[in-house]
Amino acid sequence: MKPLDALGELLDQQVLVRLKNGLEIRGILKAFDIHINLVLDNAEFEDGDIERKFKKLFLRGDMILFVS
Amino acid sequence: MKPLDALGELLDQQVLVRLKNGLEIRGILKAFDIHINLVLDNAEFEDGDIERKFKKLFLRGDMILFVS
Amino acid sequence: MKPLDALGELLDQQVLVRLKNGLEIRGILKAFDIHINLVLDNAEFEDGDIERKFKKLFLRGDMILFVS
Amino acid sequence: MKPLDALGELLDQQVLVRLKNGLEIRGILKAFDIHINLVLDNAEFEDGDIERKFKKLFLRGDMILFVS
Amino acid sequence: MKPLDALGELLDQQVLVRLKNGLEIRGILKAFDIHINLVLDNAEFEDGDIERKFKKLFLRGDMILFVS
Amino acid sequence: MKPLDALGELLDQQVLVRLKNGLEIRGILKAFDIHINLVLDNAEFEDGDIERKFKKLFLRGDMILFVS
Amino acid sequence: MKPLDALGELLDQQVLVRLKNGLEIRGILKAFDIHINLVLDNAEFEDGDIERKFKKLFLRGDMILFVS
C-alpha cells in the first residue's frame, strides 16, 4: 500500500485535516491529488473565535500536516 | 474528480481566497493553472484598516491556503 | 542500502516520527513513499495538554524530521 | 484564459507588485516568465521612509504575492 | 570529486549531523541518498536537557545543514 | 524580451542586488544562470556596522529579491 | 562564464561561506555540485563563543548565501 491509497480510502468520508500552523479543518473529502491538494465539502474550522463554514473548499496541499 | 476540477467549477464565480498569512481576498475567478496561480476580477481585501480594490489581480499560487 | 530501505524495515512496526516543529507522533508504520509521506495506524501525539489518538493518519512528508 | 495571459495583457503598462512581506513596488511591466520573474521599468517603492527609484529592476518571482 | 562522494567516505563511521535549527545528532552513517536523507545507527542528541538515543534513525535531508 | 535578458544587459556593469532579508550587495555582474545564481566582482555590503568587501562573490539565487 | 565556473576556480583554495542565518564558515573548497552542496577541508566557524573545527565538512547547498 502507498500513502495516497490511504487517502483514497477516505473519499466521501468525514476527515480531519491539520495544517502546519495548527489549524484543523473538518469536512467530507471529495478529491485529492499527488500534491495532497484536497477538496472538502461542508468544511468547518475555527478562525479565532469564529466558526467558519464552507460548502466546498479547495485546499492547497503544501500547508497540510496530516489527514485523518 | 480531481481537486483542480473543483476550481474549474468556480470559474466566473465570486470566490474567497485565503492566503497562508491569514489575508482573505474576494473576487471573481477568471483563470487558474496547476500552480494554483489565479486571476481575480474585482478583487478586494482589507489591508490593515484600508479596503483595497483591484479590477484585475494576478495572484501567485504558492501563498494560497484555500479557495472557496 | 539506501535510506528508504530503512523505512521499509520499519513497516508494520511501532515508530516514532519527529516533526520539524518538535512534535512527536507514535504509531504503526503502514506505508511510505519517496516524499516520506507516511501512513500511521493507531497514531498518538500530545497536542499541548491533550492526548490525541487517530486510528489512521496520513502524514505529509515535508514536515518530518526523523523516523525511528 | 490562463493566469499568465493576464500578465501578458499588462505588458508595457503601469503595474503594482505586492511582495509576500507586504512591500509594494510600482513600475512598467516589461517582461515576465513562468516563474513570475518580472522586469519593471521606472520601478519605485518605499523602503522605510526612503523612496527608492530604479530605471530597470529584475524582480525574482518567488517573493511576489500579486501583480495588478 | 563530488560532494556526495565525501558522504560515501563517511559510511560506517561516526558522524556529526548539524540541523538547520542548530540541533546536532551523532551516530554511525549507514546510508544516504541524493536528497541527503540519512540513516544513522546508535543516534544520539540532546533534546533540551534530555539525552535521546535511537538504535536506528531515518533523517530527512532537507533539515540538514552539514555532516562531518 | 524575457526577464533573464534584462540580466544579460547588466553583465559587466555595476549592479545592486537586494536580498530577501533586506541586505543590499553592490558589485559588477560577471555571470548569472537560470536559478539567478550570480557572480559579482568587487562586491560590497554593510554587515551591521562593518563594510565587507570581496573581490569575487558567488551568490546563491534563492535569497535574491531583485537586481538593478 | 556561468556562476558555477566561478566556484570551479575556487577549488583547493581557502573560501568563506556565508549561510542564510549569518553564520560564516571558512575552509578549503574540495568539491561542489549544481545544488551548491560543498565539501570543505579544515572548516572552522564560531558557534556562539565556541570555535568549531572540522577536518572535512559536507555542507548542504540550500542554506548557503554566498561563497567567496
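The values are calculated or read from the model by the stated rules, or taken from the named source; none is laboratory data. From a predicted model like this one, the values you see are computed outputs, not experimental measurements. All Cβ positions, even for glycine, are placed from backbone atoms using ideal geometry, and neighbour counts span all protein chains on display. Only protein heavy atoms, including side chains, enter the accessible area calculation; ligands, DNA and RNA are left aside. Shrake-Rupley method; radii C 1.70, N 1.55, O 1.52, S 1.80 Å.
Descriptive notes on the structure:
- In this structure, D:K2 does not satisfy being open to solvent by 30 Å² or more (accessible area, probe 1.4 Å) and farther than 25 Å from B:L11 by Cα.
- Within the range F:41-63, no residue that is at the interface with chain G (Cβ under 10 Å from one of its Cβ atoms) sits with its Cβ atom under 6 Å from a residue that is loosely packed, with under 14 Cβ neighbours inside 10 Å and at pLDDT 95 or above at 6+ positions apart or across chains.
- Whichever residue in the range C:6-21 is within 22 Å of E:I25 (Cβ to Cβ), within 12 Å of chain A (Cβ to nearest Cβ) and aliphatic (A, V, I, L, M) and, among such residues, is surrounded by the most Cβ atoms within 10 Å (Cβ to Cβ): C:V17
- Flag for C:L38 being under 22 Å from E:A43 (Cβ atoms), at the interface with another protein chain (Cβ under 8 Å from one of its Cβ atoms) and at pLDDT 95 or above: yes
- Single condition G:G22 does not satisfy, out of (1) within 23 Å of F:R52 (Cβ to Cβ); (2) in contact with a strand residue (DSSP E or B) (Cβ under 8 Å, 6 or more places away or on another chain): (2)
- Qualifying residue in the range F:3-10 (condition: modelled with pLDDT of 95 or more, within 23 Å of G:F32 (Cβ to Cβ) and of a type in the set (D, E, K, R)): no
- Scan the range D:1-20 for residues that are out of contact with any Leu (no Cβ under 9 Å at 6 or more places or on another chain) and not in a strand (DSSP E or B) and the total you get is 6.
- Members of the range E:1-27 found to be over 15 Å from C:F66 (Cα atoms) and aliphatic (A, V, I, L, M), listed by number: E:M1, E:L4, E:A6, E:L7, E:L10, E:L11, E:V15, E:L16
- Selected residue (criterion: surrounded by the most Cβ atoms within 10 Å (Cβ to Cβ)) from residues of the range A:35-51 that are in a strand (DSSP E or B) and charged (D, E, K, R): A:D41
- Entry remark, the range A:22-34: residues being at the interface with chain C (Cβ under 10 Å from one of its Cβ atoms), touching a residue at least 12 places away in the same chain (Cβ under 8 Å) and either surrounded by fewer than 19 Cβ atoms within 10 Å (Cβ to Cβ) or not in a strand (DSSP E or B) (or both) number 2 in total.
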